[in-house]
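One structure is given below, encoded as structure tokens.
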Amino acid sequence: MVADLEQTFRWFGPGDPVTLSAIKQTGANGIVTALHHISCGDIWSLQEIRQRKAMIENAGFNWAVVESVNIHESIKTGSGERDRYIDNYIQTLQNLAQEGIFTVCYNFMPVLDWTRTHLDYRLANGASALLYSAPALAAFDLYILERENAFTEFTAEQQTAAKQYYDGLNEDGKKLLTNTILAGLPGTDEVFTIAEFKEHLHKYNAIDKDTLKQNLFYFLSAIIPYAEKLGIKMCIHPDDPPFPILGLPRAASTLQDLEDLINSYPSIANGITLCTGSLGASGKNDIPQMITKLGNKIHFLHLRNVARQQDGSFYEADHLTGSVDMYEVMKAIINEQSARKNAGRSDIAIPMRPDHGHKLLDDFNYDTYPGYSVTGRLKGLAELRGLEMGIKRALFDK
Ligand code: DNO
Ligand code: MN
């Protein structure tokens with residue numbers, strides 16, 4: 001038998017309506033958190049890290065993963081200030097290692113972290129899910145943002161769907177869509193106005209996919225030698241969604257992207273957060289195959305599902321049903337664990353979290369972060385734990 005995956009839960013810190021004592025009842029024993037109150041680019045001091053760590057440990061958990069130490073825009077755009085921010089990043093890693101925290105997630109999405117168009121999409125059973133509607137995103141791009149050249153990026157059919165969507169919105173509907181896309185989902189504290197957002201977009205006018213990837217590799221070649229010495233495992237979270245939106249380039253959407261990243265600086269410290277929901281939003285990503293290929297570079301698992309629609313939309317489905325075959329995913333993960341065991345490696349209990357969950361039952365009484373309800377995630381974790389146990393017993397304990 002190989003060791004169980006380490007069951008973790010994301011917690012947004014003392015301001016999170018989901019308390020550590022509530023998380024205790026889910027059965028998770030690792031906490032995934034970040035110092036969200038520190039501005040992106042600033043150093044996380046030893047004192048701040050210690051304080052947060054003490055809260056987590058006093059509640060009977062360990063701080064399993066930092067998600068995320070966010071990357072300053074100057075690093076993504078490759079502007080003159082980037083080296084200063086890279087120095088800060090290294091200092092933060094040193095402080096985290098000193099406090100015994102060794103797994104650090106980050107992402108390299110320009111301007112926006114993950115993107116959805118609807119935060120309260122009702123499923124047939126009354127649960128509430130997050131939705132990315134392709135026509136709604138296009139309506140925002142074409143008619144609210146009025147981005148230059150946007151029309152050339154959509155087919156005639158997509159333009160018609162976007163127009164229809166836009167025509168069906170009243171003023172409140174337009175505001176809600178704008179806020180949903182620009183107000184930012186958990187992970188970033190930034191809230192943009194349309195004008196500010198346009199300024200940020202302009203900084204990417206001359207940055208195509210290759211340049212963005214080069215900027216990512218520049219960052220990695222600067223920080224990975226330090227991470228390696230410190231024993232820190234960096235793990236990039238893939239783009240969500242894993243295709244370009246709003247004219248912005250993407251650097252971590254496909255197997256090729258992730259292999260390029262690994263090969264840009266080969267080191268165990270240069271790894272991946274395998275997020276099945278983010279990668280699964282593109283039908284081109286074969287996730288079990290990705291797990292096999294990325295192998296021991298996977299340092300953190302986000303397990304959740306999406307239901308992809310014909311038109312490029314997707315909503316967050318139950319953890320075990322949807323477009324991603326979670327049984328095959330779990331089997332590939334267990335194979336990877338076995339390979340690690342056979343190689344005598346110690347990192348077999350890979351930290352995993354149920355990533356997002358639906359709003360269910362009592363979740364409607366709390367104003368939790370979108371996607372981060374407690375009951376919905378508890379249900380997801382329980383299902384995943386059962387799937388893992390079922391496969392492991394069938395494989396190893398006949
Ligand atoms: C999406 C979520 C994101 C993720 C950050 C990582 O799948 O997991 O909030 O945490 O983008 O930096
Ligand atoms: Mn994720």
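Each value in this text was obtained by applying a stated rule to the coordinates, not by laboratory testing. No experiment lies behind these values; they were computed from the predicted model shown. Reconstructed Cβ throughout: ideal geometry from the backbone, glycine too, with neighbour counts over all protein chains shown.
For the reader, a short list of remarks on this structure follows.
- The local environment of GLY100, defined by Cβ-Cβ distances under 12 Å, has a net charge of 0 under the rule Lys, Arg +1 and Asp, Glu -1.
- Pairwise alpha-carbon distances in the stretch 89-142 exceed 12 Å for 77% of all pairs.
- Cα gyration tensor, the stretch 25-67 - rounded (a/c under 1.5), prolate or oblate: prolate
- More than 18 angstrom apart: percent of Cα pairs within the stretch 200-274: 41 percent
- Relative intensity of the stretch 19-119 on a log10 scale, I(q)/I(0) at q = 0.13, 0.18, 0.25 Å⁻¹, equals -0.53, -0.91, -1.31, per a Debye sum over C-alpha point scatterers of equal strength in the absence of solvent.
- Prolate/oblate/rounded label for the chain (Cα gyration tensor, a/c 1.5): rounded
- Virtual spin-label span in nm between GLU57 and LEU123, 7 Å along Cα→Cβ: 3.8 nm
- Taking 1.306 mPa s as the viscosity and 10 °C as the temperature, the Stokes-Einstein diffusion coefficient of the stretch 118-201 based on its alpha-carbon Kirkwood radius rounds to 114 µm²/s.
- The order of LEU137, LEU119, going from fewest to most other C-beta atoms within 10 Å of their C-beta, is LEU119, LEU137.
- Distance violations [Cα-Cα > 22 Å] among LYS24/LYS53; LYS76/LYS233; LYS297/LYS379: LYS297/LYS379
- Proximal charge balance of PRO135 [Cβ under 12 Å; K/R count +1, D/E count -1]: -3
- Dividing the summed helix terms, -39500 (n - 2.57) for each DSSP H run of n ≥ 4, by the number of residues in the chain produces a 222 nm estimate of -12500 deg cm²/dmol to the nearest 500.
- Label-point gap, in nm, between LYS175 and GLU153 - each point 7 angstrom along Cα→Cβ: 2.7 nm
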